[in-house]
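Visitor: Sharing a structure with you now.
The values are calculated or read from the model by the stated rules, or taken from the named source; none is laboratory data. Note that the coordinates shown come from a computational prediction; the quantities given were computed from them, not determined experimentally. Note that we place each Cβ from the backbone using ideal geometry, even for glycine, and neighbour counts take in every protein chain shown.
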Amino acid sequence: MKIGYARVSTDKQDLTAQINELVALGVDPKHIYNDPGYTGTNRQRPGLDQALAAASHPGAEFVVTKLDRLARSIRDAKDIADQLVANGAVLQIGRSAYDPNDAMGKMMFNIMATFAEFEADLIRQRTKEGMAVAKARGRLKGKKPKLPANQEKRLVELHATGEHSITELAEDFGVSRATVHRAVQRARSHPSR
C-alpha cells in the first residue's frame with residue numbers, strides 16, 4: 001500500500017500540486033496525509049505522525065514528491081527514513097525509492113537532505129536580514145500590546161497592591177497570565193512609564 005505525505009509551510013500555500021503528483025505516483029487520495037501551515041523544521045506535525053503510523057508495516061511505501069516536503073534537516077530526514085526502514089516500509093521520493101543498503105542511494109539521500117537543510121538555513125537568514133532592514137527603516141514595530149497603555153498601567157497598579165493574584169488579574173483584564181507577567185516586568189524595567 002502506498003501512503004502519501006504532502007506539506008506546505010503556510011496556510012496560504014496550496015497542496016494541490018503535491019497531491020496531484022502523489023496521485024500520479026500511484027497513491028490513492030484516501031491515503032494522502034498532509035500538513036498545511038507546518039514548516040519542515042517542525043517535527044511535531046499531526047499529518048506526518050498519521051502518515052508514519054499508516055506506513056508502519058512491512059511492504060508499505062511512504063511517498064513524498066520531494067525530500068524537503070518531508071524534512072528540512074539532515075537529522076530529521078535520516079530519523080524518518082530509519083524509522084520507515086525499521087518498520088519494513090520503503091521511502092519513495094518522487095519516482096526514486098530510497099535504499100539504505102545501496103551506497104549510491106544513500107549518498108543521494110544525504111545530498112538531498114543537505115540541500116533541504118541548506119535551503120531552510122537560507123530562508124531563515126533572508127528573513128533575519130529582511131527584519132533587520134525593516135527595523136532600521138522603522139517599519140518593524142513588533143507586536144501590538146494586548147492592553148492599551150491606561151489599562152496596563154491600572155493592571156500594574158493593582159498588582160503592586162499585592163491584593164490580586166496574577167490569575168485574578170489575567171481573568172479581570174481578559175488576558176493571559178503571561179501578558180500580566182510581561183506588563184509587570186516592563187513596569188519594573190521602566191519605572192518612569
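Visitor: Any idea which residue in the stretch 59-116 is surrounded by the fewest Cβ atoms within 10 Å (Cβ to Cβ), counting only those that are farther than 20 Å from Arg45 by Cα and touching an Asp or Glu at 6+ places or on another chain (Cβ under 6 Å)?
Guide: Once the filter is applied, the top-ranked residue is Gly105.
Visitor: Only residues that are part of a helix (DSSP H, G or I) and touching a Ser or Thr at 6+ places or on another chain (Cβ under 7 Å): list them for the stretch 1-30, please.
Guide: Gln18, Glu21, Leu22
Each row is one residue, and each column tells you yes or no for (1) touching a residue at least 12 places away in the same chain (Cβ under 8 Å); (2) closer than 30 Å to Gly4 by Cβ.
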position: Leu84; (1), (2): yes, yes
position: Gly88; (1), (2): yes, yes
position: Leu122; (1), (2): no, yes
position: Glu129; (1), (2): no, no
position: Lys146; (1), (2): yes, no
position: His159; (1), (2): yes, no
position: Thr179; (1), (2): yes, no
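Visitor: Right, something else. Restricting to the stretch 172-182, and then to whatever is over 26 Å from the mean Cα position of the chain (by Cα) and outside any loop (DSSP other than H, G, I, E, B), can you tell me which residue is surrounded by the most Cβ atoms within 10 Å (Cβ to Cβ)?
Guide: Filtering the stretch 172-182 for residues that are over 26 Å from the mean Cα position of the chain (by Cα) and outside any loop (DSSP other than H, G, I, E, B), the one surrounded by the most Cβ atoms within 10 Å (Cβ to Cβ) comes out as Val180.
Visitor: If you scan the stretch 149-168, which residues turn out to be in a loop (DSSP other than H, G, I, E, B) and loosely packed, with under 10 Cβ neighbours inside 10 Å?
Guide: Gly162, Glu163
Visitor: If you take the residues of the stretch 1-42 that are among the acidic types (Asp, Glu) and touching a strand residue (DSSP E or B) at 6+ places or on another chain (Cβ under 8 Å), which of them is farthest from Arg124 (Cα to Cα)? I'd like the intermediate steps shown before the answer.
Guide: To start, the set of residues in the stretch 1-42 that are among the acidic types (Asp, Glu) comprises 11, 14, 21, 28, 35.
From what's left, touching a strand residue (DSSP E or B) at 6+ places or on another chain (Cβ under 8 Å): 11, 14, 28, 35.
Numbers: Asp11: 18, Asp14: 21, Asp28: 35, Asp35: 20 Å.
Checked the stretch 1-42; the qualifying residue farthest from Arg124 (Cα to Cα) is Asp28.
Visitor: May I ask you to list pairs of residues, at least six apart or on different chains, whose Cβ atoms are under 6 Å apart, with the first in the stretch 49-74 being free of Cβ contacts under 8 Å to residues at least 12 places away in the same chain and the second being hydroxyl-bearing (Ser, Thr, Tyr) and surrounded by fewer than 17 Cβ atoms within 10 Å (Cβ to Cβ)?
Guide: Filtered contacts from the stretch 49-74: no entries.
Per-residue answers, yes or no, for (1) under 19 Å from Leu70 (Cβ atoms); (2) assigned to a loop (DSSP other than H, G, I, E, B); (3) at pLDDT below 85:
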position: Val85; (1), (2), (3): yes, no, no
position: Arg126; (1), (2), (3): no, no, no
position: Met131; (1), (2), (3): no, no, no
position: Leu147; (1), (2), (3): no, yes, no
position: Ala170; (1), (2), (3): no, no, no
position: Val184; (1), (2), (3): no, no, no
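Visitor: Quick check on the stretch 133-142: of everything there that is assigned to a helix (DSSP H, G or I) and small (Gly, Ala, Ser), which residue is nearest to Thr41 (Cα to Cα)?
Guide: Looking at residues that are assigned to a helix (DSSP H, G or I) and small (Gly, Ala, Ser), I get Ala134.
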